[in-house]
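Working notes, structure below.
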Amino acid sequence: MSDESANQTDLRKQQLGYKTVLVTGGAGFIGSHLIILLAVKYPLWRIINVDSLDYCSSLKNLKCLENTCTYKFIQGDICNQYFINHLFSTENINIVFHVNFLHGFTWFYMFMYVNAEGTSFLLQAAFAARVEKFIYMSTDEVYGDSLEKDFDELCPKRPTNPYSKSKAVAENIVMSYWENHKFPVIITRSNNVYGPRQYYEKVIPRFIGLLQQDQKCTIQGTGLQSRHFLYVDDAAEAFLMLMERGIMGEIYNIGATFEIPVIQLARELVKMVKNTSNIELDDWLLFVEDRPVSDLRYPLNSDKMHKLGWKPKVPWKEGIRKTIKWYEENTCYWPVRTATNRNPSCAS
Ligand SMILES: Cc1cn([C@H]2C[C@H](O)[C@@H](COP(=O)(O)OP(=O)(O)O[C@H]3O[C@H](CO)[C@@H](O)[C@H](O)[C@H]3O)O2)c(=O)[nH]c1=O
């Protein structure tokens, strides 16, 4: 089929209610789970995955869609303006999930470039193409930390590290399109997401990978900082619910109900992975240098999501059991099993 007639077919399908959805960073952990859920729930929609295939992404994550004619992978960089403009002018994109981002605690310029400037390139092109919904995945980290009070979406942003600062800047750019042009955007701020296929640099897969190789869990700092963990299927469900029912121009917290200090998380994982008695648990902990800035916790008030009808469904015990099982069955999935955190500031 020629490009022109393919375009005509797309347009006719869109008139019938079929959509074309773009997911940036779709070969990564969260992006790939989101794409698979989209493909299951909307089998007739076109899904375009744009990913630069950085070290923590893999096309293996989407192997199950390889032969699906409604799914298309394009290797590309959101910071390449020519590429992005071409993408929007040729693909008739209706909905964007902007998942793609760069993590870390140093290299401030790179975070600003990818997270803020890249987002701005994408927005410009999406706006020109009159996209119907632009959903931007931000982070709970934009709030800074809180020892007591839960953050709701009206709390001020107080990001403390270069990554969260760049995400906060990107949020401002996204929101300015709503405020100035009523361009339909939604911002999500979620807790830490975990589950099968996550790259080894994040705390849960990293600890599992280390233990599987008889190495100790590297606790950064005291380990008393705690995190809320959301199973990836629940996160993907939340993103789809926002696409279906979210109010444009709004921000939504996507919070988990399970919170655990990192040191306790390590002990739980030791118990599960090593089948160790309580007395020996701490033999598997190694205290390493902390990050330059380490927030203690990010408690979220997710009432807005609950009102839309979303709640996390997967209990921690079930989620972590499934996750460990996956890592046990897929020891060679990622090239390096105990990736040192690519973040150069993490002394681990
Ligand atoms: C990898 C690693 C981490 N940690 C600690 C540092 C943190 O307090 C905690 C969680 O670290 P990470 O798994 O790297 O995730 P974190 O920095 O919280 O960031 C994640 O969660 C954020 C949401 O809070 C997302 O916005 C980020 O994109 C995502 O990467 O575990 C350790 O103590 N040892 C480790 O080896």
Which of the residues belonging to region 120-142 are more than 13 Å from the ligand (Cβ to nearest atom) and of a type in the set (S, T, N, Q)? Ser120, Gln124
One residue is enough: does region 195-204 have a residue meeting the conditions within 12 Å of the ligand (Cβ to nearest atom), among the β-branched types (Val, Ile, Thr), in contact (Cβ under 8 Å) with a residue 24 or more places away in the chain and within 27 Å of Pro43 (Cβ to Cβ)? no
So Ser176 clears everything in (1) touching a residue at least 12 places away in the same chain (Cβ under 8 Å); (2) assigned to a helix (DSSP H, G or I); (3) surrounded by fewer than 22 Cβ atoms within 10 Å (Cβ to Cβ) except one condition, right? Which one? (1)
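Residue check: is Asp145 within 14 Å of the ligand (Cβ to nearest atom) and buried (at least 23 other Cβ atoms within 10 Å of the Cβ)?
In short, no.
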Is it true that Tyr109 is among the hydroxyl-bearing types (Ser, Thr, Tyr) and closer than 18 Å to Thr20 by Cα? no
Number of the exception - Ser190 against (1) of a type in the set (Gly, Ala, Ser); (2) surrounded by 23 or more Cβ atoms within 10 Å (Cβ to Cβ); (3) farther than 25 Å from Pro261 by Cβ: (3)
Listed by first then second residue, the pairs whose first member lies in region 146-169 and is free of Cβ contacts under 8 Å to residues at least 60 places away in the same chain and charged (D, E, K, R), whose partner is buried (at least 23 other Cβ atoms within 10 Å of the Cβ) and not in a loop (DSSP other than H, G, I, E, B), with beta carbons under 6 Å and at least 6 positions apart or on separate chains, are Lys157/Val142
Restricting to strands (runs of 3 or more DSSP E) lying wholly in region 224-311: which have 1 or more residues that are more than 16 Å from the ligand (Cβ to nearest atom) and surrounded by fewer than 18 Cβ atoms within 10 Å (Cβ to Cβ)? 250-254
Condition first: small (Gly, Ala, Ser) and under 18 Å from Tyr143 (Cβ atoms). Now tell me which residues in region 236-278 satisfy that. Ala238, Gly255, Ala256
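Against the definition (within 18 Å of the chain's Cα centre (by Cα) and closer than 30 Å to Phe134 by Cβ), how does Ile247 come out, yes or no?
no
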Given Phe97, Phe88, Phe101, which one is under 24 Å from Ile36 (Cα atoms) and more than 22 Å from the chain's Cα centre (by Cα)? Phe88
Test: Glu171 is of a type outside the set (Lys, Arg), surrounded by fewer than 17 Cβ atoms within 10 Å (Cβ to Cβ) and assigned to a helix (DSSP H, G or I): no
Filter result (out of contact with any Phe, Trp or Tyr (no Cβ under 8 Å at 6 or more places or on another chain) and modelled with pLDDT of 95 or more) within region 51-67: Lys63, Cys64
Name the residue that is surrounded by the most Cβ atoms within 10 Å (Cβ to Cβ), counting only residues in region 148-168 that are closer than 26 Å to Tyr113 by Cβ and in contact with an Asp or Glu (Cβ under 8 Å, 6 or more places away or on another chain). Lys167
Test Val96 against the criterion of being crowded, with 21+ Cβ neighbours inside 10 Å, modelled with pLDDT of 95 or more and of a type in the set (A, V, I, L, M), and give yes or no. yes
Of the conditions (1) within 30 Å of Lys322 (Cα to Cα); (2) surrounded by fewer than 22 Cβ atoms within 10 Å (Cβ to Cβ); (3) within 15 Å of the ligand (Cβ to nearest atom), Asp214 clears all except one; give me its number. (3)
Collect the residues in region 272-329 that are without any contact (Cβ under 8 Å) to a residue 12 or more places away in the chain and of a type in the set (Lys, Arg), keeping them in residue-number order. Lys307, Lys311, Lys317, Lys325
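The values are calculated or read from the model by the stated rules, or taken from the named source; none is laboratory data. Keep in mind the model is a prediction, meaning the values are calculated, not measured. We place every Cβ from the backbone using ideal geometry, glycine too, and count neighbours over all the protein chains shown.
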